[in-house]
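Novice: Can you keep this structure in mind? I'll have questions shortly.
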Amino acid sequence: MIINNVTVSYNDEGPENAPVIIFIHGFPFNKSMWNLQVKALKDKYRVITYDVRGHGKSDAGNDVFTIDLFVKDLINLMDALKIDNAILCGLSMGGYIALNAMGKYPERFNALILCDTQCIADTPEAKEKRIKAIESIRKTGVEKYADESIKNLFASGSFITKQKEIAAVREMILKTSEQSLCNTLLALSHRKETCNILPGIKIPALIMVGNEDKITPPASARFMNENIKDSIMKILEYAGHLSNLESPYEFNVHLKRFIASIY
Ligand code: MLT
């Protein structure tokens, strides 16, 4: 489907008239990271997963990547699929997009699921790290970047128990072009904070985080939990930054229970 002049790859599963849940993946992954969640939900719900531009099978287009542009893509995808409102679930970068979308288009969402994410903008040190990452991708290539990233993404135990998942994530990173990696790193580094919108969120919210998440640690989740009224927080054991892949059973139990409480 063409959205904002870009071919966007998406999956639309489950009964057509069922309540809709939209999943947004993290950086630099793609919609396949949600396969286990789609499988768990598609009998009862309409489940949409899509590749953010420049990721997976979606084109990059010619516009400068920004979180605002990614939000525009999301809303236009919802319009094109005739989805008035949905439950929105985002992991990490997906959460940045979800929070930004929530701030701008609150009427389009019934509930929010924020996984391994945060509301703050990049600190000067984090921005510096992004620039270094861009330089290193340009100099030493995507493969080295993938191997370095993997070290931070997972809980220590996952390196023993989740080798298949780690290999799949490595593959997702390797399939992202050098240009899209660099452009998205810039978009992430320029993103605005969304902490100011948390007190205004009036829809149910579930916040999940891996207890060994080094990138967006449980403290970030706790902050969002304290600032979104009546939100629920779940800290998942044996999980790092990719809690839906590392603790899929626990993750899906919380996910299904939360969604069942909405519809
Ligand atoms: C992600 O998983 O989307 C990234 O770790 C987000 C980030 O680098 O801020």
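Novice: Could I get the Rg over Rh figure for the range 82-148? Both from C-alpha atoms, Rh via Kirkwood, rounded to two places.
Specialist: Numbers: Rg = 16.1 Å, Rh = 14.1 Å.
Value, to two decimals: 1.14.
Novice: Now for a different question. Kirkwood Rh and Cα-based Rg: tell me the resulting Rg over Rh for the range 1-94, rounded to two decimals. Walk me through the numbers on the way to the answer.
Specialist: Numbers: Rg = 12.5 Å, Rh = 13.2 Å.
The Rg/Rh ratio comes out at 0.94.
Novice: Quick one: dipole size for the range 117-263, taken about the Cα centre, charges +1 on Lys/Arg Cβ and -1 on Asp/Glu Cβ, in debye to the nearest 20. Please list the in-between numbers first.
Specialist: Numbers: 21 positive and 18 negative charges, 52 e Å.
Dipole magnitude for the range 117-263 comes out near 240 debye.
Novice: For the chain, give me the percentage of DSSP beta bridges that are antiparallel, rounded to the nearest 5 percent. It would help to have the intermediate numbers written out before the result.
Specialist: On the way: 6 of 30 bridges.
Approximately 20 percent, going by the DSSP bridge assignments.
Novice: Further question: Do the sum for the chain: with -39,500 (n - 2.57) for every DSSP H run of n ≥ 4, divided by all residues, what is the mean residue ellipticity at 222 nm, to the nearest 500 deg cm²/dmol?
Specialist: -13500 deg cm²/dmol
Novice: In addition: Work through the residues other than Tyr249 whose Cβ is under 12 Å from its Cβ and net out their charges, Lys, Arg +1 and Asp, Glu -1. Walk me through the intermediate numbers first.
Specialist: Details: positive: Lys256; negative: Glu237, Glu246, Glu250.
Net of charged neighbours comes to -2.
Novice: So if I average 1/r over every pair of distinct C-alpha atoms in the chain and take the inverse, what Kirkwood radius in Å does that give?
Specialist: On the way: mean 1/r = 0.0548 Å⁻¹.
Kirkwood hydrodynamic radius for the chain: 18.2 Å.
Novice: So how do Ser156, Ser92, Ser177 rank on accessible area, 1.4 Å probe, biggest first, that is with the largest at the start? Provide the component values of the computation, followed by the final result.
Specialist: Numbers: Ser156 75, Ser92 10, Ser177 55 Å².
The ordering from most to least exposed comes out as Ser156, Ser177, Ser92.
Novice: Count the lysine pairs in the range 136-263 whose Cα atoms sit under 24 Å apart, keeping only pairs 8 or more residues apart in sequence or on different chains.
Specialist: Lysine pair count for the range 136-263: 27.
Novice: So which residue, out of Lys72, Lys42, Lys164, gets the largest mean-square fluctuation from a GNM of the chain using Cα contacts under 10 Å as springs?
Specialist: Lys164
Novice: A follow-up question, please. For the chain, which whole percent of the accessible surface, found with a 1.4 angstrom probe, sits on carbon and sulfur atoms? It would help to have the intermediate numbers written out before the result.
Specialist: Numbers: 6180 of 11830 Å².
Carbon and sulfur atoms account for 52 percent of the accessible area of the chain.
Novice: Rounded to a whole number, what is D in µm²/s for the range 144-197 from Stokes-Einstein with the Kirkwood radius over alpha-carbon pairs (37 °C, 0.692 mPa s)?
Specialist: 253
Novice: Considering the chain as a Gaussian network with a 10 Å cut-off on Cα pairs, which listed residue, Asn252, Asn62, Asn211, attains the greatest mean-square fluctuation?
Specialist: Maximum fluctuation in the GNM of the chain, among the listed residues, is at Asn62.
Novice: Which value results when the Cα radius of gyration for the range 24-172 is divided by 2.2 N^0.38 Å?
Specialist: Details: Rg = 16.3 Å, N = 149, 2.2 N^0.38 = 14.7 Å.
After normalising by residue count via 2.2 N^0.38 Å, the value is 1.11.
Novice: Let me ask another. At a 1.4 Å probe radius, which order do Glu13, Glu107, Glu246 fall into by accessible area, largest first? Present the calculation step by step, with values, prior to reporting the outcome.
Specialist: Numbers: Glu13 60, Glu107 120, Glu246 10 Å².
So, going from the largest accessible area down, we get Glu107, Glu13, Glu246.
Novice: May I pose another question? Between Asn35 and Ile150, how high is the FRET efficiency from 1/(1 + (r/R0)^6) when r is the Cβ-Cβ distance and R₀ = 22 Å? Nearest 0.05.
Specialist: Numbers: r = 19 Å, r/R0 = 0.86.
So the FRET efficiency works out to roughly 0.70.
Novice: Return, ordered by residue number, the residues of the range 117-158 whose backbone nitrogen is under 18 Å from a label point located 7 Å along Cα→Cβ of Glu178.
Specialist: Correct set: 131-149.
Novice: Take Lys129 and Asp43, extend 7 Å from each Cα along the Cα→Cβ direction, and tell me the distance between the two endpoints in nm.
Specialist: Computed distance between label sites Lys129 and Asp43 equals 4.1 nm.
Novice: Compute the distance in nm between two label points, each set 7 Å from the Cα along the Cα-to-Cβ direction, one at His190 and one at Phe159.
Specialist: Here the answer is 3.6 nm between the modelled labels.
Novice: Pick from Pro218, Pro19, Pro199: which is most flexible by mean-square fluctuation in a GNM of the chain where alpha carbon atoms under 10 Å apart are linked?
Specialist: Pro199
Novice: Working out 0.36 nm times the residue gap between Asp84 and Asp68, then minus their Cα-Cα distance, what length gain in nm do you get to one decimal?
Specialist: That works out to 3.8 nm of additional length.
Novice: Need the list of aspartates and glutamates near Lys57 for cross-linking: C-alpha distance under 18 angstrom, and skip anything on the same chain fewer than eight residues off.
Specialist: Asp12, Glu13, Asp73, Glu171, Glu178
Novice: Compute log10 of I(q)/I(0) for the range 182-230 with the Debye formula, placing one identical point scatterer on every Cα and leaving out solvent, at q = 0.20, 0.27 Å⁻¹, to two decimals.
Specialist: -0.82, -1.02
Novice: Treating only the Cβ atoms of Lys and Arg (+1) and Asp and Glu (-1) as charged, compute the dipole magnitude of the chain about its Cα centre; round to the nearest 20 debye.
Specialist: Working: 32 positive and 31 negative charges, 15 e Å.
With Lys and Arg at +1 and Asp and Glu at -1, about 80 debye.
Novice: Could you report the range 142-185's accessible area per residue, 1.4 Å probe, as an integer in Å²?
Specialist: Values: 2250 Å² over 44 residues.
Ligands and nucleic acids excluded, the result is 51 Å² per residue.
Novice: Over the range 1-42, with a single point scatterer placed on each C-alpha, what log10 of the ratio I(q)/I(0) does the Debye formula yield at q = 0.24, 0.31 1/Å?
Specialist: With one equal scatterer per Cα and no solvent, log10 I(q)/I(0) is -0.98, -1.17.
Novice: A further question follows. For the residue pair Glu143 and Lys57, what label-to-label distance in nm results when each label sits 7 Å from Cα along the Cα-to-beta-carbon direction?
Specialist: Placing both labels 7 Å beyond Cα along the Cβ direction yields 2.6 nm.
The values are calculated or read from the model by the stated rules, or taken from the named source; none is laboratory data. As the structure is a computational prediction, the values presented were derived from the model and not from experiment. Methodologically, a virtual Cβ is constructed for each residue, glycine included, from the backbone with ideal geometry; neighbour enumeration extends over all protein chains shown. Ligands, DNA and RNA are stripped out before the accessible areas are found, and what is left, the full protein with its side chains, is counted by its heavy atoms. Shrake-Rupley method; radii C 1.70, N 1.55, O 1.52, S 1.80 Å.
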